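The values are calculated or read from the model by the stated rules, or taken from the named source; none is laboratory data. The structure presented is a predicted model; accordingly, all values stated were derived computationally and were not measured. We place every Cβ from the backbone using ideal geometry, glycine too, and count neighbours over all the protein chains shown.
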Amino acid sequence: MARIWLFGANIDTDQILPGRYAPYMTSESALRQYPFIEARPEFASTVAPGDIIVAGANFGCGSSREYAPRALKLVGIAAIIAPSFARIFYRNALNLGLPLFEADLTSVLQDGQKVTLDISEPSLTLLDGKKIPLPSPPEWVRRTWEEGGLLAYYRRHRRLPLEERP
Amino acid sequence: MATEAATLAEQIISHAAGKRVYPGDLVIVPVDRCMTHDSLTPEVIDALHQDLGVEHIFDPSRVVVVMDHVAPASSVATANAQVKVRQWVAQEGIEHFYQVGKGICHQVMIEEGLVQPGQIALGTDSHATAYGAVCAFGTGVGTRDMALTLATGRTWFRVPETICIQVKGRFPELVSAKDLSLHLCGLLGMDGATYKAIEFHGLDWLPLDERITLCSMTTELGAKAGLIPPSEKEAPPWLGVHPGASYERTITVDLTNLVPLIAVPHQVDQVQPVAEVEGVPVDQVFLGTCTNGRLSDLRAAARLLKGKHIAKGVRMLVIPASHRVLKQAAADGTLSILLEAGATIGTPGCGPCIGRHMGVLGAGEVCLSTGNRNFRGRMGSPEARIYLGSPETAAATALTGHITDPRKI
């Protein structure tokens with residue numbers, strides 16, 4: 001089962017990964033130690049692969065640093081659910097193949113709650129069996145996730161998902 | 001291309017797409033300029049080689065690389081990363097390469113004429129919205145996004161809706177573009193323009209320096225681009241304001257009512273009149289960044305500091321946005337006024353804005369910065385507090401040692 005990590009609104013990339021801990025300042029291999037190192041110090045050591053972040057509006061605002069979503073992917077975050085995402089963060093996540101769902105579940109779910117995520121028929125299932133539907137992404141976004149992100153898609157097909165031909 | 005009324009963002013993307021596009025459309029367009037800097041280029045190189053399996057970039061002449069984020073290098077790790085960047089620049093034959101001290105990437109892009117009205121330019125830095133000051137569609141992207149465009153020469157966009165900011169009147173004395181930006185942050189909030197473009201009308205009189213301030217700060221509203229209409233002289237014939245263009249909403253701001261504003265910790269949209277925050281003691285005043293490190297910003301501060309000295313116990317860091325700004329400030333006497341007043345000068349570049357070098361804050365410290373973000377931990381310790389204000393407010397605050405409305409100096 002996946003654990004829910006609950007966050008507020010306007011979680012900026014300086015909170016997700018402070019600039020001082022950028023791979024450029026430290027090392028690529030250390031990146032997985034740093035997500036939320038100051039905002040939520042227990043996160044990196046206790047997060048488990050498959051866990052889910054549920055947050056308020058405008059998740060990932062601020063700096064364009066891709067190592068913020070990359071660090072979340074490295075520690076195994078399976079999806080992020082928020083009412084809205086900052087646009088650069090949205091693109092970065094798509095490039096990395098990290099699924100984002102636009103929904104406001106901050107008042108429905110609790111921190112530490114256990115759920116099961118279904119990406120193909122987007123939904124969360126709670127321990128009591130209750131199902132919370134998630135918005136279905138556009139078909140090209142779903143294909144991009146399946147192939148591991150936009151760069152993986154391009155590497156395989158030598159075209160972008162929206163392009164009919166190269 | 002667009003035969004019916006269109007916003008500036010729609011005109012530029014339509015021109016690039018070769019067809020009329022509308023808000024909400026997904027389009028793939030060629031990119032005129034790609035800017036990347038010392039801090040993220042190493043990741044771009046890795047993404048090109050490892051993720052995409054691409055050996056060489058699509059067109060080196062469209063690429064600009066600037067050493068500004070941690071330049072000169074602050075550690076062996078950053079120095080090694082910069083060696084990697086320089087080697088790659090040489091291998092790829094990138095001619096638009098700007099060394100340590102040339103200036104902040106966005107300032108260099110505009111100063112060197114590397115972005116032109118009507119172009120589409122991507123930067124691996126969120127403040128690439130600054131290029132809208134010359135009516136280019138500039139927007140920030142992450143490293144893999146940049147790698148994909150360097151490999152292919154193109155990118156995808158969702159065509160944004162546009163919010164029109166209709167400006168009336170002129171700034172009162174000691175109020176400037178930063179105050180207008182902060183006013184909009186307070187009004188719209190940090191996600192007030194997410195996925196959208198912002199278009200400023202009524203600013204034909206505003207000098208380029210302050211246009212850059214306004215456009216760079218639109219990213220703090222979540223905007224994809226911030227655009228100011230170009231003058232007829234510099235614009236391609238197809239680009240300009242179309243009467244009847246469809247805006248999502250229009251917000252009118254009367255500048256004559258504006259007062260000096262400040263963003264208090266820890267969000268850019270926590271905006272108050274400086275007068276209501278007066279008296280907070282500060283440890284550091286930082287005048288610089290892509291938002292407010294230009295000649296007019298240094299001059300605005302110098303006007304208040306001339307013949308005076310900053311307060312005991314305060315340190316004032318001035319980091320010009322570019323080598324050109326530094327040279328001009330040295331030539332016209334601005335620099336000596338700042339130095340006489342007790343300020344110190346750093347290498348043109350990003351400085352401590354991102355908390356990596358040249359003025360990182362310790363626990364419990366307070367900084368008045370002319371930068372663009374006051375997130376917790378942005379400039380160093382998460383226990384430090386950052387206030388964002390105009391160059392005028394920065395100078396007034398340096399003089400008294402506590403946050404001060406510049407109109408009281």
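Out of all the residues in the stretch B:298-332, which are more than 22 Å from B:Gly113 (Cα to Cα), in a loop (DSSP other than H, G, I, E, B) and in contact with a strand residue (DSSP E or B) (Cβ under 9 Å, 6 or more places away or on another chain)?
B:Ile310, B:Ala311, B:Gly313, B:Val314
I need the full set of residues from the stretch A:128-164 which are in contact with a helix residue (DSSP H, G or I) (Cβ under 9 Å, 6 or more places away or on another chain), among the hydrophobic types (A, V, I, L, M, F, W, C) and part of a loop (DSSP other than H, G, I, E, B), in order please.
If the condition is that a residue be in contact with a helix residue (DSSP H, G or I) (Cβ under 9 Å, 6 or more places away or on another chain), among the hydrophobic types (A, V, I, L, M, F, W, C) and part of a loop (DSSP other than H, G, I, E, B), then A:Leu160, A:Leu162 are the ones that fit.
Condition first: in contact with a Lys or Arg (Cβ under 9 Å, 6 or more places away or on another chain), in a loop (DSSP other than H, G, I, E, B) and not aliphatic (A, V, I, L, M). Now tell me which residues in the stretch B:164-223 satisfy that.
Of everything in the stretch B:164-223, those that are in contact with a Lys or Arg (Cβ under 9 Å, 6 or more places away or on another chain), in a loop (DSSP other than H, G, I, E, B) and not aliphatic (A, V, I, L, M) turn out to be B:Pro172, B:Glu173, B:Thr194, B:Tyr195, B:Lys196, B:Gly202, B:Trp205, B:Gly222.
Given the conditions (1) within 12 Å of chain A (Cβ to nearest Cβ); (2) within 26 Å of the chain's Cα centre (by Cα); (3) buried (at least 17 other Cβ atoms within 10 Å of the Cβ), and given that B:Ala16 satisfies all but one, which numbered condition is not satisfied?
Failing condition for B:Ala16: (1).
Where the second residue is of a type in the set (Ser, Thr, Tyr) and part of a loop (DSSP other than H, G, I, E, B) and the first is more than 14 Å from chain A (Cβ to nearest Cβ) and lies in the stretch B:190-213, which pairs have Cβ atoms under 8 Å and are six or more apart or on separate chains?
B:Glu199/B:Thr7; B:Glu199/B:Tyr247; B:Asp204/B:Ser231; B:Glu210/B:Ser176; B:Thr213/B:Ser176
State whether the residues of the stretch B:119-126 include one that is assigned to a loop (DSSP other than H, G, I, E, B), in the same structural domain as B:Val44 (by TED's automatic domain parsing), among the aliphatic types (A, V, I, L, M) and within 30 Å of A:Tyr90 (Cβ to Cβ).
no
Yes/no per residue for (1) within 26 Å of B:Glu278 (Cβ to Cβ); (2) away from chain A (no Cβ under 14 Å); (3) at pLDDT below 95:
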| position | (1), (2), (3) |
| --- | --- |
| B:Val325 | no, yes, no |
| B:Gly333 | no, yes, no |
| B:Ala341 | yes, yes, no |
| B:Gly362 | yes, no, no |
| B:Met379 | yes, no, no |
| B:Leu399 | yes, yes, no |
| B:Pro406 | yes, yes, no |
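Could you grab me the full set of residues in the stretch A:23-68 that are surrounded by 17 or more Cβ atoms within 10 Å (Cβ to Cβ) and in contact (Cβ under 8 Å) with a residue 60 or more places away in the chain?
Answer for the stretch A:23-68, where residues must be surrounded by 17 or more Cβ atoms within 10 Å (Cβ to Cβ) and in contact (Cβ under 8 Å) with a residue 60 or more places away in the chain: just A:Ile52.
Looking at the stretch A:28-66, which of the residues that are of a type in the set (S, T, N, Q) and more than 7 Å from chain B (Cβ to nearest Cβ) is farthest from B:Cys353 (Cα to Cα)?
A:Thr46
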